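Data block below; observations after.
The values are calculated or read from the model by the stated rules, or taken from the named source; none is laboratory data. Everything quoted here is computed from the prediction, not taken from an experiment. These accessible areas exclude ligands, DNA and RNA; they are computed on the full protein's heavy atoms, side chains included. Shrake-Rupley method; radii C 1.70, N 1.55, O 1.52, S 1.80 Å.
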Amino acid sequence: MKRSHEPIFWSLFGAGGVVSALVAPILIFITGIIAPIGLWMPPDALDYARVLEFAQHWFGKLALLAVISLFLFHAVHRIYHGLHDLGVHAGTGTMAAAYGSALAGTLAAAALLLKIGF
């Protein structure tokens, strides 16, 4: 039996789907509705200084990196297999480019988060 790398990509897709389903709606709700209206939150809850402080903490960096990375891998996997369902049968090079772009986005996010400092 030939070994495949698909389980790795499917696990990243599944984890990204769970994070997308559970985290994205609440992020949209808080940052897009609740914070601008000022309901249930102090006016300075999403102030620049507080958000920067969160992003500088090791747990904040880890949480942001996990969300960004899993969103990227979920999106790439969905797009790649969606094209396959539409009849666009891409080869290994396209697969490497697609998942490579998600990896590049993850590495860029990690570099930028590390650049923020502690």
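At a glance:
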{"quantity": "Of all accessible heavy-atom area on the chain, the percent that carbon and sulfur account for (1.4 Å)", "calculated": "74 percent"}
{"quantity": "Dimensionless Rg/Rh of the chain - Kirkwood Rh, Rg from C-alpha atoms", "calculated": "1.08"}
{"quantity": "For segment 98-118 versus segment 1-66, the gap between their alpha-carbon centres in whole angstrom", "calculated": "15 Å"}
{"quantity": "Accessible heavy-atom area order of K61, K115, highest first, probe of 1.4 Å", "calculated": "K115, K61"}
{"quantity": "Contour excess over end-to-end distance, with Cα ends at A97 and H84 and 0.36 nm allotted per residue", "calculated": "3.2 nm"}
{"quantity": "Per residue, in Å², the accessible surface of the chain once ligands and nucleic acids are set aside, probe 1.4 Å", "calculated": "70 Å²"}
